[in-house]
Each structure stands twice: as structure tokens, then as C-alpha cells.
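The next block holds one structure in the form of C-alpha cells; read it before the comments.
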């Protein structure tokens with residue numbers, strides 16, 4: 001019995017207060033009964049000076065169980081719960097620090113009875129409740145992920161369909177352009193029409209010029225006739241002026257022969273106009289023959305490369321001033337109309353495709369889960385309402401309903417170690433005499449989307465704590 005008692009006493013004496021089990025081996029005296037400071041091996045002290053309530057080692061390693069050294073740490077075993085460390089200056093201060101030492105070992109003489117069993121029970125209950133919230137949150141998160149997966153699959157399908165539709169219209173547009181692009185033969189035919197059109201313009205100008213000259217001469221003639229008629233009627237024969245008398249007689253003879261003279265002049269004018277139109281007829285005939293020769297067909301071929309008859313008619317009508325000179329043939333108008341329709345549709349489809357591709361490639365967090373978070377939440381924090389639209393924006397709304405944009409959704413950040421998802425919002429409205437606003441949303445696990453706190457650690461930089469199913473991750477075993 002005596003030997004057993006002595007063994008227990010020796011074991012108790014070897015256990016150093018305030019030192020965790022894994023480090024007890026560091027507190028052994030040498031053969032001379034001395035011990036070396038852990039952080040300062042050049043300092044050796046007598047082993048019995050450990051925990052003597054006087055700080056001998058600069059690192060405080062000689063006083064792990066007292067408050068003598070400010071840099072020391074006191075180990076709390078907290079049997080049945082979680083062990084922890086307490087700053088040495090709190091040891092034996094007369095205060096039970098149960099938040100760190102639930103076993104009360106920081107105060108001597110049993111001043112603080114152990115509460116570890118009670119705290120373990122409370123911890124287990126809180127952990128169970130928290131894990132239950134996580135479990136329910138994960139169930140909702142799985143549904144959100146499924147929705148996001150479906151939306152992403154649908155988006156990919158829509159992009160594929162749009163790309164195919166764009167390709168189809170591009171091929172049709174290419175075909176129309178190829179049909180309208182003239183071949184070597186067609187270019188030659190077009191050249192004939194252009195030459196003919198130029199000749200018609202020249203001919204029209206010549207006729208207009210001659211008609212203008214004719215009208216000018218007629219006006220001069222009428223003015224002269226009026227002067228001579230006045231002179232002839234009012235001539236006084238008592239004045240024996242040979243020159244005037246001769247002029248009056250000449251006008252009387254002119255008046256008698258006026259009808260014949262006009263007929264002769266009209267005949268000359270008609271001949272000139274007839275000659276011009278005969279020139280037109282010859283040019284049209286020559287042009288038609290040349291076009292048919294270039295087209296490689298005879299008069300009996302009714303399959304038109306160009307509608308010669310309607311084109312000639314349009315040119316002649318233009319020459320006569322009854323239609324638009326550059327009127328296009330019907331087939332060309334229809335082709336141009338279809339091209340315009342296709343080009344407009346391609347613009348719309350390409351815009352739609354660009355929008356969908358940008359959405360597909362945007363950062364929506366792990367497994368693109370935010371793709372399904374297209375809703376907004378509003379919660380009152382302090383004097384303001386805060387509106388969070390997950391993939392759009394964050395706004396601060398005052399009591400008058402005036403909204404200030406804190407930021408637009410830009411990207412996500414995920415901390416693998418902490419299993420925490422953050423949403424980054426930037427490019428908000430500019431603060432008065434300050435920077436542009438921005439915000440970080442820190443997601444926590446919750447069954448519902450709720451804004452629980454808003455802080456402004458830096459001017460115009462906001463931090464929102466938000467509970468949401470998408471902030472839930474698998475619980476860590478306690």
C-alpha cells in the first residue's frame with residue numbers, strides 16, 4: 001500500500017498545471033534538477049521554479065499554470081467537452097471563465113465547479129438544431145440546383161437552336177446575293193441597258209433643247225408681228241416716208257402668205273422630231289437584238305433572264321416623263337424585300353444569341369446555382385429597406401421610397417476552407433463627395449432568403465449578411 005501511495009504522489013508531482021498532455025514531456029528536469037526555458041534555451045532555472053508565480057522565462061513557458069507571465073497560455077482540459085486555452089493573465093483572477101474553461105480549472109481551490117456536462121448538452125442541442133436547419137436548407141438547395149441545371153440545359157439548347165437558325169438565314173441571304181450578283185453575260189446585258197439608258201437621256205435632252213429653242217423663236221416672232229401690225233394699221237399715208245411705206249407693204253404681203261409659211265415651218269419641225277424618234281426606234285431595236293444575242297436566245301424564248309419588254313417599256317415611259325427612270329423590275333424588288341427581311345431578322349437573332357451566350361458564360365457560383373436565383377428580397381435594417389436581387393443588384397431605400405443602387409452583380413467568391421459563398425456587387429451609385437458604392441453579400445445557411453444585417457466597414461462599401469439555402473453546406477461532425 002505504501003509503495004502504491006508513493007507512486008501516485010510521484011505521478012501527481014510530474015503533472016504540470018496548465019500544460020496540455022502532449023506537451024507534458026517538455027517539462028522534465030535534467031540530471032542536475034534544472035530545466036531550460038522552451039523559447040530561450042540559454043536560460044536554465046531550477047525545476048522547482050516552474051509555476052512558482054514568478055516569471056523567469058521571457059516566453060513565459062515557466063509559468064503555464066499562473067498569471068505571472070503575460071505571454072503564457074493556460075490549458076483547460078474541459079473533460080467531456082472541448083479543450084481550450086486561456087490567456088495566462090486570467091488565471092487565478094477570481095473570475096470563472098466558463099466560456100473557455102468550463103471545468104473551472106483556471107481558478108484554484110475548487111472556486112469554480114465544472115459546468116462542462118451542462119455546456120456539452122447545450123452545445124449538442126444547438127448543434128442538432130443547426131444541423132437540422134442545414135439539412136432542410138440543403139434539401140431546398142438541391143431543388144434550386146436542379147432548377148439551375150434545367151435552366152442551363154435549356155439555355156444551351158436555345159443557343160444551339162439560335163445558331164442553327166442564324167446559319168439557315170445566312171445561307172438564304174448568301175443564295176440571294178449570289179442570284180443578284182451578275183455573271184459575265186449578265187454584266188454585258190446590264191451594260192447594254194446602261195448605254196441605252198444614257199442614249200435616251202441624251203435624246204431627251206436634245207428634244208427638250210430644240211423645243212425650248214422653238215418656243216423662244218415663236219415668242220420673238222409674235223413680238224415682231226405685233227410691232228409691225230401696229231405700224232401698218234397706224235401708218236399715215238400723208239407722210240411720204242419710202243422706208244416706212246416699204247415696211248408696211250412687206251408686212252401686208254407677209255400677212256397674206258402667213259398660213260403657208262407656218263405650214264412649211266411646222267413640216268420642218270415635224271421632220272426633225274420624226275428623225276429623233278426614228279433614232280430612238282433604231283437604238284431600241286439594236287439594243288434588243290444585242291441583248292438577245294448576249295442572252296443566247298431567240299425571239300420565241302419566253303423564259304426571261306430579264307424582262308426585256310417591261311424594261312424597255314419602263315425606259316421609254318421614263319423618256320416620255322411618265323415613270324421613274326430607275327424603276328426596278330418586279331423580281332428584283334421582291335428579292336431586295338426578302339433580303340431586308342432576312343437582314344433584320346439576323347440582327348435580332350444575333351442580339352438574342354449574344355445575350356444568351358453572355359448569360360451562359362457568366363459566373364453564377366458553384367454549379368452555377370445562382371442561375372436559378374432570379375428573385376428579389378426586401379428587408380428593413382435600421383432606418384432603411386434593403387432590396388437584394390441576387391443576379392442583378394443591391395439597393396438601399398429610404399422612408400420616402402427613394403432607391404440608391406449600391407451595386408450591380410459582378411461575380412462570386414467561394415472560400416473552400418470555410419465553405420462560404422460570397423456575392424460581389426460593384427459599380428453602384430456614386431456617394432456624395434465619395435467613391436462609387438459597392439457591396440459584398442456573405443451567405444449563411446438558412447431555410448429562407450433573409451437579410452439579417454448590413455454594415456459599412458469602409459465608406460460606401462457595404463457588407464450584407466444574408467441567410468439562404470444556397471449558403472448551406474454539409475455539416476462538419478462535432
Worksheet item: What does the convex hull of the Cα atoms come to per residue for the stretch 332-389, in Å³?
Response: 125
Item to complete: Kindly identify the stretch 342-478 as rounded, prolate or oblate by the Cα gyration tensor criterion: order the square roots of the eigenvalues as a ≥ b ≥ c, call it rounded if a/c is under 1.5, otherwise compare a/b with b/c, prolate if a/b is larger, else oblate.
Response: oblate
Fill in: When the convex hull of its Cα atoms is projected in every direction, mean area for the stretch 8-114 (nm²)
7.0
Worksheet item: So if R0 is 60 Å, what FRET efficiency would residue 198 and residue 359 give, r being the distance between their Cβ atoms, rounded to the nearest 0.05?
Response: 0.60
Fill in: Computed label-point distance, nm, for sites residue 177 and residue 436 using a 7 Å Cα→Cβ extension
3.8
Worksheet entry | Label-to-label distance, nm, for residues given as residue 279 and residue 44 (7 Å Cα→Cβ offset) | 13.3
Fill in: Least to most buried among 32, 53, 197 (fewest other Cβ within 10 Å first)
32, 53, 197
Worksheet, complete the sentence: Once the mean of 1/r over all distinct C-alpha pairs in the stretch 415-469 is inverted, the Kirkwood radius in Å reads 12.1
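Every number here is computed from the coordinates shown, using simple stated rules; none is lab data. The model shown is predicted, which means the values in this text are computed figures rather than measured ones. For neighbour counting, all protein chains shown are included, and Cβ atoms are generated from backbone atoms with ideal geometry for every residue, glycine included.
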